[in-house]
Every structure is written in C-alpha cells, then in structure tokens.
Amino acid sequence: MTQHNKTLGEFIINKQSEFKYSSGELSRLINSIRLAGKIVNHEVNKAGLVDILGTAGAENIQGEDQQKLDVYANEVFINTLVNREIVCGIASEEEDDFISIKGGNSKNDNKYVVLMDPLDGSSNIDVNVSVGTIFSIYRRVTPSGTPVTLEDFLQPGNQQVAAGYIVYGTSTMIVYSTGHGVNGFTLNPAIGTYYLSHPNMKFPEKGNIYSVNEGNYIHFPKGVKKYIKYCQEEKDNRPYTSRYIGSLVSDFHRNMIKGGIYIYPSTSKNPNGKLRLLYECNPMAFLAERAGGKASDGFTRILDIKPTELHQRVPFFCGNTEMVEKAEKFMNKTYKKE
Ligand code: P6P
C-alpha cells in the first residue's frame, strides 16, 4: 500500500504503535472527531438545500447570531465525544462555560479535555464559502476521577497533546498533528473514508501571500500598516499577493500549502483582536510550528501565552517563519509592548 492511499483509520493505528505506552484513548478521540466531521460535512454540503440556513435565534457568548449550522455542529461534536466517554471535559466557542463530563461510573477517569470552534467562519455559510472545525486537545491537570475545573482548560498552548482542523471546502479534509508532523487526509464522500493525501505538511521556505482584512486598515497598529506597505512594495519577490477568504481555516490551509502569513491584529475597536486564544490561535499555532512555521501576537509566541479566560482574544500573526518574523520586526520597531 503506498503512503498516499493509507486511510486515516490505518494511520491512527500505525501512529499509536509509535506511542508504546498509549492507552488508545487519544486514537479513539481522534476517531470520534473524524466521525463527527463526516456528520457535519454532510449537513454543510447541503446547507443550501434545507432550511438549516439563517440564524437559530440564539446568540453565543461572542454576541454573534448563531447560524443554525453553528448550533448543529456544536451539538454533533459534543454528543459524539460525550457518548463515547472519551474525554472528561469540553470547551466550545458556542458554550458560555466548559462542560464537565461524568463517566459511566459517575466519576470520570478519562484524561483528555477538548477545546473547539465547532464551525469557524460560519458567517460564510450563506454565501457558500468554505468553513471549518478547529480542535485542541490537552491532558487534564486536576486529579483523575474528579470533575474538571477551569484550570484544565486554561493551559498554555505549549501543553497541547494534539490539535487540528477540518476544512469543509471543495473537498473535505482533516489536518492534524499529535506533536510529530502535520498530516492531511481527504474525505472520499462516496465511501465515507478519509485518505492520507498530504503527508508531513510543511510551509514552503518562502511565502508571497498575505491574508488580512484591509478594510480595517485605519484601525491597525502602525507596525501592521508598515508591514502591509512592505508587502505591496515593488522589490525582491514583492509585491505579495493579497488573499483573504474570511475563514481562518481556509486562509491558514492555503497559506500552509502555498506559503503565506495570516494576520488578525489588535485594532482600535478590538484591542485584543478578534480571534480566540484557546480554540482558534493555539491549535493553529501548534500546527504552524510543526509545519515549520511560526505564530505570535506580534511580540510573544502564541503557545507561551498563559490563558486567563476561556474566551479571551489575542492578536494573531501566523504563517511562514520568515514572513512572521518580518512582521514582528515592524511591530517591534514601532511599538514596544508595555
Ligand atoms: P473579519 C470568522 O468569523 C473568523 O473568526 C475567522 O475565521 C476569520 O478569519 C475572521 O473571523 C474574519 O473576521 O473581521 O475579517 O470578518
């Protein structure tokens, strides 16, 4: 069997054999995410056909209208994980607080917690633009068998055991890492099987794409404004190409394959930017670093930031190491972090 037509299931089993002390819990967890992704994919792919568009009426903690698919995706991932009793706690962009999961024996000795954005970029659903699921996995830090606490979720990103995303695009892919390399699997919807299509994903050495919502330009920090002008100069391999889908998973995925930088900076309106540290920036930073890239808030490595709140936001610079470091130079030249 060539490497490329290995299924995700076979890959997980092979990988598990690399972790000699693995109890198989992490494999079962990744398998559950794989299943939930297929179920959500089925609905996302027919969203235009059934009355599942439009808002569900509720508002999430972000104060954003919850698209029905947001609510649906959140329920699918939570139910899939809870029913299999694989994790002891879940945090979600769509849930105000974290969820503590009781095991069958009323105490829960599972060791992993999952943080997720069940459907990132959902505002794009109505215009048929790709969206994604982002997940981040940690070992709990509080005693096994007791209910999880906020401490289990407020861990720095450098403690992640695994992280990944599912992109519901022209094809559906799951891209994840358990710490050693990043691998991408493409779903064959005809048979419901993911195949290893992108083994050992790495950012290209050089990138020439910058992804930022330039509509916010006047609200950007001076360093970001200067970096954008740098990208647009006629010099070396510049001007770069501007590509911004408005869906983090899609912009990240394209930049990792073609080479580029994604920036969601602080603005005068949102001093901490828009993206969430725990279930957007940390998992994407985990993947970026294992694909040879870099992720920071413009000054500090994302994975070293000690979280203080479940839904806290941070500015986000992520992509080719060379491009992120250039952007950081502009940030540091014009701003010293107080
Ligand atoms: P803006 C989607 O809501 C999201 O969280 C990311 O997926 C995306 O990159 C960003 O926000 C888009 O935000 O303000 O540019 O529309």
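The values are calculated or read from the model by the stated rules, or taken from the named source; none is laboratory data. Keep in mind that what you see is a predicted model, and the values were worked out from it rather than measured. So basically every Cβ, Gly included, is an ideal-geometry build from the backbone, and we count neighbours across all protein chains shown. The accessibility values were calculated without ligands, DNA or RNA, using every heavy atom of the protein model including side chains. Shrake-Rupley method; radii C 1.70, N 1.55, O 1.52, S 1.80 Å.
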> Can you name the number of the only condition in (1) in contact (Cβ under 8 Å) with a residue 40 or more places away in the chain; (2) within 16 Å of the ligand (Cβ to nearest atom); (3) assigned to a helix (DSSP H, G or I) that Gly215 fails?
Replying inline: (1)
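Inspect all residues belonging to region 183-199 and state whether any of them is under 18 Å from the mean Cα position of the chain (by Cα), of a type in the set (Ser, Thr, Tyr) and under 16 Å from Gly9 (Cα atoms).
Yes, some residue in region 183-199 is under 18 Å from the mean Cα position of the chain (by Cα), of a type in the set (Ser, Thr, Tyr) and under 16 Å from Gly9 (Cα atoms).
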> Restricting attention to region 192-208, and to residues there that are in a strand (DSSP E or B) and touching a residue at least 60 places away in the same chain (Cβ under 8 Å), which single residue is most open to solvent (accessible area, probe 1.4 Å)?
Replying inline: Tyr195
> Of all residues in region 113-130, which are more than 8 Å from the ligand (Cβ to nearest atom) and open to solvent by less than 10 Å² (accessible area, probe 1.4 Å)?
Replying inline: Val113, Val114, Leu115, Met116, Pro118, Leu119
> Does Ile166 meet the test of being at pLDDT 95 or above and either more than 16 Å from the ligand (Cβ to nearest atom) or open to solvent by less than 20 Å² (accessible area, probe 1.4 Å) (or both)?
Replying inline: yes
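Yes or no, residue by residue, for (1) touching a residue at least 60 places away in the same chain (Cβ under 8 Å); (2) open to solvent by less than 10 Å² (accessible area, probe 1.4 Å); (3) not assigned by TED's automatic domain parsing to the domain that holds Asp120:
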site: Pro239; (1), (2), (3): no, no, yes
site: Ile245; (1), (2), (3): yes, no, yes
site: Pro265; (1), (2), (3): no, yes, yes
site: Lys269; (1), (2), (3): no, no, yes
site: Asp297; (1), (2), (3): no, no, yes
site: Pro307; (1), (2), (3): yes, yes, yes
site: Glu325; (1), (2), (3): no, no, yes
site: Glu328; (1), (2), (3): no, no, yes
>> With assigned to a loop (DSSP other than H, G, I, E, B), within 14 Å of the ligand (Cβ to nearest atom) and closer than 21 Å to Ile209 by Cα as the only criterion, which of Ser266, Ser250 stands out?
In response: Ser266
> If only one of Gly259, Gly223 is more than 14 Å from the ligand (Cβ to nearest atom), under 27 Å from Ser177 (Cβ atoms) and surrounded by 14 or more Cβ atoms within 10 Å (Cβ to Cβ), which one is it?
Replying inline: Gly259
>> With the requirement that a residue be over 18 Å from Asn158 (Cβ atoms) and in a strand (DSSP E or B), what does region 297-319 give you?
In response: Arg313, Gly319
>> I'd like the full set of residues that are touching a residue at least 40 places away in the same chain (Cβ under 8 Å), open to solvent by 10 Å² or more (accessible area, probe 1.4 Å) and either more than 16 Å from the ligand (Cβ to nearest atom) or under 10 Å from Gly157 (Cα atoms) (or both), limited to region 274-292.
In response: Arg290, Gly292
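Going by the structure shown, is Tyr244 within 16 Å of the ligand (Cβ to nearest atom) and either modelled with pLDDT under 95 or of a type outside the set (Asp, Glu) (or both)? Explain how you work it out, then say what you get.
On the way: within 16 Å of the ligand (Cβ to nearest atom): yes; either modelled with pLDDT under 95 or of a type outside the set (Asp, Glu) (or both): yes.
Against the criterion (within 16 Å of the ligand (Cβ to nearest atom) and either modelled with pLDDT under 95 or of a type outside the set (Asp, Glu) (or both)), Tyr244 qualifies.
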> If a residue has to be at pLDDT 95 or above and more than 19 Å from Gly292 (Cβ to Cβ) to count, how many in region 250-271 make the cut?
Replying inline: 4
> What number of residues within region 73-112 are among the hydroxyl-bearing types (Ser, Thr, Tyr), modelled with pLDDT of 85 or more and away from the ligand (no atom under 16 Å from the Cβ)?
Replying inline: 3
> Can you tell which of Thr146, Thr172, Thr133, Thr178 is more than 18 Å from Asp304 (Cβ to Cβ), of a type in the set (Val, Ile, Thr) and surrounded by fewer than 17 Cβ atoms within 10 Å (Cβ to Cβ)?
Replying inline: Thr146
